[in-house]
Amino acid sequence: MFVKRFFEPAIAQASYLIGCHATGESIVIDANRDVDQYLAAAAQEGLRITHVTETHIHADYVSGSRELAACTGGALYLSDEGDRDWKYQFASEGRLLHDGDRMTVGNIRVDVLHTPGHTPEHLTFLITDGAAADQPIAAVTGDFIFVGDVGRPDLLERAAGIAGTMEAGARTLWQSLQKFAAHEDWLQIWPGHGAGSACGKGISAIPSSTLGYERRFNWAFGIKSEAAFVESVLAGQPEPPKYFAHMKRINKAGPALLGGFHVPPRQPDGGLVSRLATKALVIDTRPAVDYASGHLPGTLNIPFNSSFVTWAGWLVPAAAEVYLIVDDATVVRLEETVRALALIGIDSVTGYFPASALNEAKAAGSAFTTVPEITAAALSRRLESCEVSVIDVRSANEWAAGHLPGAIHVPLGYLADRLQSLPAGKPIVVQCQLGGRSAIAASLLERLGVKDVINLTGGYAAWSAAGLPVEGAPSKGARHEGGAREPQTARS
């Protein structure tokens, strides 16, 4: 038996190619949209992809299962379990799976378990190397069991908007865990996500585990009552990014066949300034420090780093016509940038401009602007004289652990939605933990027409390190707008 784990850092997502060298057959479980990686790995091992399946209808990325089945001719297998109102709408293209079913991939047995809770249709696949054993070696658990955590049961309600499913999902998840715990200690756990995913609240970076280890050290197995589990699993979950609801709809209906990632044209007709004049969404992917020192008004700064996909998912409408500004380093990685956006369904990158286009625009007389910054000490003085308002764009957990006195809490992902509630008449200082998210917030507010936006250098960490006063929880004098939690990937 051949096994290869693929890990996509941009979304902390894992998928698996499992093959039988004796027959040349293989199965891919939970493919993402970059199907070329599975084709290349299978070809290198002399395998044919004959089976394609997934554990559930994903919320955090566009599934590649349909595309992979189409380009390989492999049979597509989809869950037919769960809620009647939450079924695959393209199930007629594949074969339906139910609890107790078995797929045979050469000498490998893939037994299907219905493990609802994260979603109603969720499946787990038990993998048995029939050439060497008569019991399973591993379980591909998707978003059911992670290393150190379990899948969150609140996404159907909080991301897909299906009211009343959160607590019921938590109870179902508890029951699935109790049933699954009967398997042997040696059973390996191959999960669908690692640390940084918003599909859980405390997922380990360790790529795999065993059921025996998880029974001993995973918090979810240590809870002894259903009521206590329900309370614990729903507490402290990060707010699902806005794009999760869109992903659910796409993956339920059937993702469009992409046919590969296509690099957009360089400097499309009309030029950079004309694109901004039409209110097109121009994402400046340069580092925040470069953007702050000089940029074209109306651009949105989302630096191309480990949080790029997270914030693009939060802030870029799925149907937006997108243009990119890329520095010299990112030009080399342009296909990687386009690929990262396509993973979450942003396929509308119409063109790109190298950073030199900014110099050309400046030489032609276009107005440039900067993002002013303020130190913690200077902000303290201005707050004492009531000269500025502070917007804290961190997550609710960070806010609750400590925040600036008098600050207003609006998580970055909800800033555009709550624009009308922001204070007027004073400069606004935006603040996060270290300064990364607040730099994005400053560019977003400027794009939305807010004047006099200042970024707090070093964020809350600098304020706290300077020994300036903090509040440990929202007080009577501090307004809390939102109460949302951001993905764990968005710490800056």
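Electrostatic bookkeeping for Val230 treats Lys and Arg as +1 and Asp and Glu as -1; over the other residues with beta carbon under 10 Å from its beta carbon, the sum is -2.
For the stretch 413-459, trypsin sites (Lys or Arg not before Pro) are listed when DSSP marks them as loop and at most 16 other Cβ atoms sit within 10 Å of their Cβ; the list is Arg418, Lys451. Taking the number of Cβ atoms within 10 Å of each Cβ as an exposure proxy, the fewest-first ranking of Thr370, Thr115 is Thr370, Thr115.
Rule-of-thumb check for the stretch 281-407: C-alpha Rg over 2.2 N^0.38 Å? Display every interim value, and only then the final one.
Numbers: Rg = 17.4 Å, N = 127, 2.2 N^0.38 = 13.9 Å.
So the Cα radius of gyration is 1.25 times the expected 2.2 N^0.38 Å.
Max-minus-min Cα coordinates of the stretch 41-151 on each principal axis give 39, 32, 25 Å, with the largest extent listed first. Our estimate of slack between Ala131 and Lys362, defined as 0.36 nm per intervening residue step minus the Cα-Cα distance, is 76.4 nm.
Averaging the Cα positions of each part gives two centres, and for the stretch 245-259 and the stretch 84-163 these lie 19 Å apart.
Summarising the amide proton neighbourhood of Gly142: residues at separation of 5 or more, or on other chains, whose placed amide H is nearer than 5 Å comprise Gly192.
Of the DSSP beta bridges with both residues in the stretch 2-112, give the percent that are antiparallel, rounding to the nearest 5. Write down the numbers at each step before the final one.
Values: 17 of 28 bridges.
Restricted to the stretch 2-112, the bridges split so that about 60 percent are antiparallel.
Treating only the Cα positions of the chain as identical point scatterers, give the base-10 log of I(q)/I(0) from the Debye formula at each q in 0.06 Å⁻¹. Treating every Cα as an identical point scatterer, log10 I(q)/I(0) equals -0.30.
Taking amide hydrogens as placed 1.01 Å from N in the peptide plane, the amide H of Leu281 sits under 5 Å from those of Glu321, Tyr323, each at least 5 positions away in sequence or on another chain. The distance from the alpha carbon centre of the stretch 1-57 to that of the stretch 313-337 is 27 Å, rounded to a whole number. Each of the peptides 276-286, 256-266, 173-183, 135-145 was scored by the mean count of other Cβ atoms within 10 Å over its residues; in descending order, highest first, they stand as 135-145, 276-286, 173-183, 256-266.
Take the alpha carbon gyration tensor of the stretch 95-189, find the square roots of its eigenvalues, order them as a ≥ b ≥ c, and report rounded if a/c is under 1.5; if not, report prolate when a/b exceeds b/c, else oblate.
Working: a/c = 2.78, a/b = 1.88, b/c = 1.48.
Prolate.
What's the Cα-based Rg to Rh of the stretch 2-253, Rh via Kirkwood?
Answer for the stretch 2-253: 0.94.
Give the distance, in whole Å, between the Cα centre of the stretch 393-409 and the Cα centre of the stretch 179-221. Each part's Cα centre sits 31 Å from the other's.
Once Rh is set to the Kirkwood radius over Cα pairs, what Stokes-Einstein translational diffusion coefficient, in µm²/s, holds for the stretch 373-465 at a temperature of 25 °C and a viscosity of 0.890 mPa s? Can you show the working numbers first?
Details: Rh = 12.8 Å.
Once the numbers are plugged in, D ends up at 191 µm²/s.
Packing around the peptides 15-28, 191-204, taken as the average count of other Cβ atoms within 10 Å per residue, puts them in this order, highest first: 191-204, 15-28.
No lab work stands behind these numbers, since they all come straight from the coordinates. What you are looking at is a predicted structure, and each value in this text was computed from that prediction instead of being measured. Don't worry about glycine lacking a Cβ; one is built from the backbone with ideal geometry, like all the others, and counts go over all protein chains shown.
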